[in-house]
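One structure below.
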Amino acid sequence: MIPLFPGLTGKQAETYALVLSALGIAYRIQKQARTWEISVIDHDVEKALTAIKAYQQENKDPVRPPRNTVPGFTRTYTGLFVAALLLAVHVAITGRQVHDPVARFYGASARHILDGEIYRCVTALMIHADTMHLMGNMAGIALFGTAVCSITGWGAGWFTILVSGVAGNLMNAFFFKTGHLSIGASTAVFGALGILSGHQVIKKLGLPGQRLKALLPLGGGMALLGLLGSSAHSDIMAHLFGFLCGMGIGVCWALWIKHPPSEKYQIIFAGVTVLMLLFSWMP
């Protein structure tokens, strides 16, 4: 085969391959040091050149996004604010010596959740057993939560993280059914980790020659789950369910949404997230 299109980016290689496939032209993609190369059979050289030239002519003036469009990765520091919120709730609870009653009435009790007290799936995320428990989750939510928001935007990011934590607690309740109480933001923390893993898996699958490497984000996420989420006093099943729910969200985001919504929708997502938190504390 004759090397025909050297020095391509991964996106270009994928696009040119689609053009050649549509015309039934056999090709081979090879990765060079930092670029990609497409080769074709000798007798298809002219046909392939014509096809790619026609494609380039049709797409030489792509529509550029306006400057105020939210980019694929956005900078946000909202993870620090959410970590501060967890700290404020913990201080308010322990400062009034009502920690145990709050855990009983608002913790993720499997039996009560299955009896219809779904609000516990939300409120349990904001209750922590002690300072060490709190500090670990503050660090995790600041790190992984901020990373999620850099992909989805700040409002959509915290909404998806909250949904993954709530869904994880709900699945945990169905798993244990009775006699199990879970508290802490760690289910949402691992939900955020799952969102990142699922998103990266799909992104890797979309690149030529990267399909095997697509398993690396999943393996990394599972390794962190085992390393950080399986200590003696942690709820490993809640962590696992949070991670799996988050991964499903991350996969869906990468497949169908792909880019952060506009600022208007970020505000809407943030508003819905705040309302979910507020109404959950007022059952």
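Can you name every residue in the stretch 137-164 that is open to solvent by 20 Å² or more (accessible area, probe 1.4 Å) and of a type in the set (Gly, Ala, Ser)? I'd like the intermediate steps shown before the answer.
Taking the stretch 137-164 as the starting set, the residues that turn out to be open to solvent by 20 Å² or more (accessible area, probe 1.4 Å) are 138-139, 142-144, 146-147, 150, 154, 158-159, 163.
Of everything in the stretch 137-164, those that are open to solvent by 20 Å² or more (accessible area, probe 1.4 Å) and of a type in the set (Gly, Ala, Ser) turn out to be Ala139, Ala142, Ala147, Ser150.
With the requirement that a residue be open to solvent by 30 Å² or more (accessible area, probe 1.4 Å) and within 18 Å of Leu205 (Cα to Cα), what does the stretch 35-52 give you?
Thr35
For (1) farther than 30 Å from Lys177 by Cα; (2) surrounded by fewer than 14 Cβ atoms within 10 Å (Cβ to Cβ); (3) in contact with a strand residue (DSSP E or B) (Cβ under 8 Å, 6 or more places away or on another chain), each residue gets a yes or a no:
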residue: Gly226; (1), (2), (3): no, yes, no
residue: Ala238; (1), (2), (3): no, no, yes
residue: Leu244; (1), (2), (3): no, no, no
residue: Gly248; (1), (2), (3): no, no, no
residue: Cys252; (1), (2), (3): no, no, no
residue: Trp256; (1), (2), (3): yes, yes, no
residue: His259; (1), (2), (3): yes, no, no
residue: Leu275; (1), (2), (3): no, yes, no
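Determine which member of the set Ala139, Ala156 is outside any loop (DSSP other than H, G, I, E, B) and within 18 Å of Leu224 (Cβ to Cβ). Write out each step before concluding.
Details: Ala156 fails: within 18 Å of Leu224 (Cβ to Cβ).
Just one listed residue meets the conditions, Ala139.
How do the pairs read when you match residues in the stretch 271-282 that are within 14 Å of Val82 (Cα to Cα) with residues anywhere that are open to solvent by less than 40 Å² (accessible area, probe 1.4 Å) and of a type outside the set (Gly, Ala, Ser), using Cβ under 6 Å and keeping only pairs 6 or more apart or on different chains?
The qualifying pairs are Thr273/Trp158; Thr273/Leu162.
If you check Gly209, Gly153, Gly165, which single one turns out to be modelled with pLDDT under 95 and under 19 Å from the mean Cα position of the chain (by Cα)?
Gly153
Only one of Ile93, Ile113 is of a type in the set (A, V, I, L, M) and within 18 Å of Ala238 (Cβ to Cβ); which?
On the way: Ile93 fails: within 18 Å of Ala238 (Cβ to Cβ).
The conditions single out Ile113.
What single numbered condition from (1) open to solvent by less than 10 Å² (accessible area, probe 1.4 Å); (2) assigned to a helix (DSSP H, G or I) fails to hold for Gly184?
Unmet condition: (2).
Determine the pairs where a residue that is more than 17 Å from Ala254 (Cα to Cα), located within the stretch 201-225, has a partner that is surrounded by fewer than 16 Cβ atoms within 10 Å (Cβ to Cβ) and modelled with pLDDT of 70 or more with Cβ atoms under 9 Å apart, the partner being 6 or more residues away or on another chain.
What qualifies is Gly209/Gln30; Gly209/Lys31; Leu225/Ile236.
Exactly one of (1) more than 30 Å from Thr35 (Cα to Cα); (2) modelled with pLDDT under 90; (3) assigned to a helix (DSSP H, G or I) is unmet by Lys203. Its number?
(1)
Search the stretch 53-92 for residues being open to solvent by less than 60 Å² (accessible area, probe 1.4 Å) and either in contact with an Asp or Glu (Cβ under 7 Å, 6 or more places away or on another chain) or assigned to a loop (DSSP other than H, G, I, E, B) (or both), and hand back the single one that is modelled with the highest pLDDT.
Of everything passing the filter in the stretch 53-92, Thr76 is modelled with the highest pLDDT.
Within the stretch 1-21, how many residues turn out to be more than 33 Å from the chain's Cα centre (by Cα) and either open to solvent by 40 Å² or more (accessible area, probe 1.4 Å) or touching a residue at least 60 places away in the same chain (Cβ under 8 Å) (or both)?
Applying the first criterion (more than 33 Å from the chain's Cα centre (by Cα)) to the stretch 1-21 yields 1-6, 20.
Narrowing further to those that are either open to solvent by 40 Å² or more (accessible area, probe 1.4 Å) or touching a residue at least 60 places away in the same chain (Cβ under 8 Å) (or both): 1-3, 6.
The number of residues fulfilling the criteria is 4.
Quick one: how many residues across the stretch 113-136 are outside any loop (DSSP other than H, G, I, E, B) and either at pLDDT 95 or above or surrounded by fewer than 19 Cβ atoms within 10 Å (Cβ to Cβ) (or both)? First the steps, then the outcome.
Going residue by residue through the stretch 113-136, those that are outside any loop (DSSP other than H, G, I, E, B) are 113-114, 120-126, 131-136.
Then keep just the ones that are either at pLDDT 95 or above or surrounded by fewer than 19 Cβ atoms within 10 Å (Cβ to Cβ) (or both); that gives 113-114, 120-126, 131-133, 135-136.
The number of residues fulfilling the criteria is 14.
The values are calculated or read from the model by the stated rules, or taken from the named source; none is laboratory data. These numbers were taken from a predicted model, which means no experiment stands behind them. A quick note on method: Cβ atoms are made from the backbone with ideal geometry, for glycine too, and the neighbour counts reach across all protein chains shown. Please note that ligands, DNA and RNA were not included when accessible areas were found on the heavy atoms of the full protein model with its side chains. Shrake-Rupley method; radii C 1.70, N 1.55, O 1.52, S 1.80 Å.
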